[in-house]
1. Could you list, in sequence order, the residues of segment 194-239 that are part of a helix (DSSP H, G or I) and surrounded by fewer than 14 Cβ atoms within 10 Å (Cβ to Cβ)?
2. Which ones in segment 7-66 are buried (at least 16 other Cβ atoms within 10 Å of the Cβ), out of contact with any helix residue (DSSP H, G or I) (no Cβ under 8 Å at 6 or more places or on another chain) and at positive phi?
3. Please name all residue pairs, on different chains or six or more residues apart, with Cβ atoms under 6 Å, provided the first residue is in segment 91-110 and is under 12 Å from HIS121 (Cα atoms) and not assigned by TED's automatic domain parsing to the domain that holds ASP198 and the second residue is acidic (Asp, Glu) and surrounded by 15 or more Cβ atoms within 10 Å (Cβ to Cβ).
4. Residues in segment 99-112: is at least one over 24 Å from ILE150 (Cβ atoms) and among the small types (Gly, Ala, Ser)?
5. Checking the condition among the hydrophobic types (A, V, I, L, M, F, W, C), in contact (Cβ under 8 Å) with a residue 40 or more places away in the chain and in contact with a Gly (Cβ under 7 Å, 6 or more places away or on another chain), which residue from LEU63, LEU23, LEU13 passes?
6. So in segment 1-45, with the set limited to residues that are of a type in the set (Val, Ile, Thr) and not in a strand (DSSP E or B), which one is farthest from the chain's Cα centre (by Cα)?
7. Considering segment 142-153 alone, what residues qualify as being farther than 20 Å from GLY195 by Cβ, out of contact with any strand residue (DSSP E or B) (no Cβ under 7 Å at 6 or more places or on another chain) and part of a helix (DSSP H, G or I)?
8. Does GLU136 satisfy being of a type in the set (D, E, K, R), buried (at least 17 other Cβ atoms within 10 Å of the Cβ) and under 22 Å from VAL155 (Cα atoms)?
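The values are calculated or read from the model by the stated rules, or taken from the named source; none is laboratory data. These figures come from a predicted structure and were not determined experimentally. Glycine also receives a Cβ, built like all others from the backbone with ideal geometry; neighbour counts cover every protein chain displayed.
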Amino acid sequence: MSFAVFADGTANLPGSLLDGIRLLPSEYTVDGKPCVYYGDIDHFDPHEYYEKLRKGTEVKTSLLNTGLFLSHFEPVVKEGTDIVYIAMSSLISGTFSAAQTAAASLMEEYPDRLVHIVDSHGCGFGSGMLALKAAELSRNGESCREASRILDALVPYCCQYFTVDDLNFLRRTGRLSGTAALVGTALNIKPILYGDFDGHIVSCANCHGRKKAVHMLAEKYKEKHLSEYHRVFISHGDCLEDAEHLKAMILEITPDAEIVVCPHEPFSGAHVGPGMLGLFFYGKER
């Protein structure tokens with residue numbers, strides 16, 4: 001590895017894909033009880049977690065702070081290794097800013113080292129797919145500076161579309177007004193949301209019913225995917241059947257696609273709720 005690659009638990013990656021990627025812990029509370037998620041999606045029980053959310057359990061998340069980044073980054077730069085960290089969108093968390101502060105401090109103290117923070121403008125597999133690319137570049141001997149340029153240039157092509165089953169989770173996190181959530185629930189409206197060019201989470205369509213929403217996700221893939229990228233990522237909030245149905249539709253469009261299906265991690269999962277279904281891929285544009 002020519003440089004160290006860091007991500008965190010929100011990257012949503014299974015253990016089989018973590019070669020060359022170091023994960024930072026994400027902290028949250030469940031009904032006031034502190035929990036730490038280390039990114040081990042293979043040992044995360046989505047049914048237990050999302051069932052708690054269905055029953056009204058309160059989950060609160062905390063940003064990754066500057067002290068955490070310094071404690072993990074400094075030993076690496078001190079030994080003479082550069083770093084790339086793939087952060088969740090700067091517009092949905094202060095984590096990116098905290099990482100930048102740590103990077104600036106370390107590069108001042110170790111002027112020969114580069115610590116580059118990539119704003120993924122996304123979360124979940126939206127940052128995970130960039131972490132995978134970063135690890136590939138490092139294994140191939142690319143310099144940290146050139147890899148940073150490549151990764152920043154890829155961000156606008158990372159497509160991230162998802163739908164949710166319960167609009168009230170978006171309401172609680174300020175993504176949707178209480179009135180809109182009430183009306184949408186009454187009319188069985190399922191929004192299609194995506195991470196836009198700037199990293200905002202915005203709505204691009206409203207579907208009447210879950211089945212149409214899942215179909216719309218596949219349509220977005222058909223419309224925007226780049227044929228030279230064969231890897232597709234699907235995450236779900238304890239709705240594996242819908243995830244497998246979406247996978248089957250993607251394979252109808254691109255039979256040779258390599259599709260990774262995983263539960264959606266608990267950190268950002270608290271904000272989208274049970275029934276979240278997300279689709280992540282490289283596309284012509286966001």
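1. Taking segment 194-239 and keeping what is part of a helix (DSSP H, G or I), we get 210-224.
Hits for segment 194-239 are LYS211, LYS222, GLU223.
2. none
3. Hits for this filter: PHE96/ASP119.
4. Yes - at least one qualifying residue is present in segment 99-112.
5. On the way: LEU63 fails: in contact (Cβ under 8 Å) with a residue 40 or more places away in the chain; LEU23 fails: in contact (Cβ under 8 Å) with a residue 40 or more places away in the chain.
Going through LEU63, LEU23, LEU13 in turn, just one is among the hydrophobic types (A, V, I, L, M, F, W, C), in contact (Cβ under 8 Å) with a residue 40 or more places away in the chain and in contact with a Gly (Cβ under 7 Å, 6 or more places away or on another chain): LEU13.
6. Of segment 1-45, the ones of a type in the set (Val, Ile, Thr) are 5, 10, 21, 29-30, 36, 41.
This time we only want the ones that are not in a strand (DSSP E or B), so: 10, 41.
Values: THR10: 5, ILE41: 13 Å.
My answer is ILE41.
7. ARG145, GLU146, ARG149 - these are the residues of segment 142-153 that are farther than 20 Å from GLY195 by Cβ, out of contact with any strand residue (DSSP E or B) (no Cβ under 7 Å at 6 or more places or on another chain) and part of a helix (DSSP H, G or I).
8. Numbers: of a type in the set (D, E, K, R): yes; buried (at least 17 other Cβ atoms within 10 Å of the Cβ): no; under 22 Å from VAL155 (Cα atoms): yes.
So GLU136 fails the test.
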